[in-house]
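Right, one structure below, let's go through it.
The values are calculated or read from the model by the stated rules, or taken from the named source; none is laboratory data. Computed from a predicted model, the values in this text were never measured in an experiment. Cβ coordinates were reconstructed from backbone atoms using ideal geometry, including for glycine residues, and neighbour counts include every protein chain displayed. For accessibility, only protein heavy atoms count, side chains too; no ligands or nucleic acids. Shrake-Rupley method; radii C 1.70, N 1.55, O 1.52, S 1.80 Å.
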Amino acid sequence: MSCSKNNDDSNDTPQQLIYINYSVTGNQVNDTFNIVTDNISDPSVIAVANIFPESNSQTLKKAVIVYNDINQSINASLSIPARTGLTEVLDGHTDFDLLFGFNDLELGLEAKSISVEVLQIEHNDIYVTSIKGSFQGIAVDKVNINGDEIEETYIVDGEFEYNAYSNN
C-alpha cells in the first residue's frame with residue numbers, strides 16, 4: 001500500500017524498503033542470507049505483509065510477512081504478533097511460526113524455539129505498513145527416514161524490516 005503526492009514534483013514516487021538479514025548454522029546450511037530491495041518494481045524480490053486475526057482472540061492480530069528472492073532461490077516467512085514486544089515462537093503454535101526455505105537444497109526450516117522482538121509496527125486491518133524487529137533461536141528441518149521423523153537442528157538469528165511508504 002502506498003500513495004503519491006498530488007503536486008507537480010515528479011521526484012515523489014512510491015517507494016518500498018524491505019529486508020531480512022539472517023544467519024543459519026547447521027548441518028546442511030551454514031551461511032548468512034540477505035533479501036533486500038528498495039525498489040517496489042524489482043521483479044526478483046517479492047515481499048508482502050498482511051494482518052490476520054489470532055485464532056483464539058477477538059481483538060489480537062498477527063502479522064504475516066513473506067520475503068522471496070527468486071534469484072537466490074531463498075525465502076523467509078514470519079507469522080508473529082502484530083504488536084511490539086518479545087514473543088517466544090514455539091514448535092506447533094497455532095498462530096506464530098518462522099519458516100526459512102532454500103529451494104536449491106529442498107530444505108525447509110521451521111521454528112522450534114525462536115525469540116522474536118517486534119521493535120515497531122504500524123498497520124491497518126488488512127496490511128502492515130511498517131514493521132521492524134529481530135529474532136534468534138532454534139529452527140528445525142523435519143526429515144522422514146524409514147518412517148521415523150528426525151529433526152535436524154539449526155541456529156538462526158537475524159533482523160527484518162518491511163516499510164511500505166511514499167512521500168505524501
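Tabulated values for the structure
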{"item": "Sum of side-chain charges, Ile145 neighbourhood, beta-carbon under 14 Å (Lys, Arg +1; Asp, Glu -1)", "result": "-4"}
{"item": "Cβ-based net charge around Leu78, under 10 Å, with every Lys or Arg adding one and every Asp or Glu removing one", "result": "0"}
{"item": "Å² of accessible area per residue within segment 48-97, as computed with a 1.4 Å probe and no ligands counted", "result": "50"}
{"item": "Positive minus negative residues near Pro53 (Lys, Arg vs Asp, Glu; Cβ under 14 Å)", "result": "0"}
{"item": "For the chain, fraction of C-alpha pairs farther apart than 19 Å, in %", "result": "58"}
{"item": "Accessible heavy-atom area order of Tyr162, Tyr19, highest first, probe of 1.4 Å", "result": "Tyr19, Tyr162"}
{"item": "Normalised contact order of segment 108-168, rounded percent, pairs of Cα under 8 Å and 6 or more residues apart", "result": "32"}
{"item": "Reachable aspartates and glutamates from Lys132, criterion Cα separation under 18 angstrom, eight or more residues apart if same chain", "result": "Asp38, Glu88, Asp97, Glu117, Glu122, Asp157, Glu159, Glu161"}
{"item": "Derived scalar couplings ³J(HN,Hα) [segment 99-106; Karplus, 6.51 cos²θ - 1.76 cosθ + 1.60; whole Hz; x for Gly, Pro]", "result": "10, 10, x, 10, 4, 5, 9, 6"}
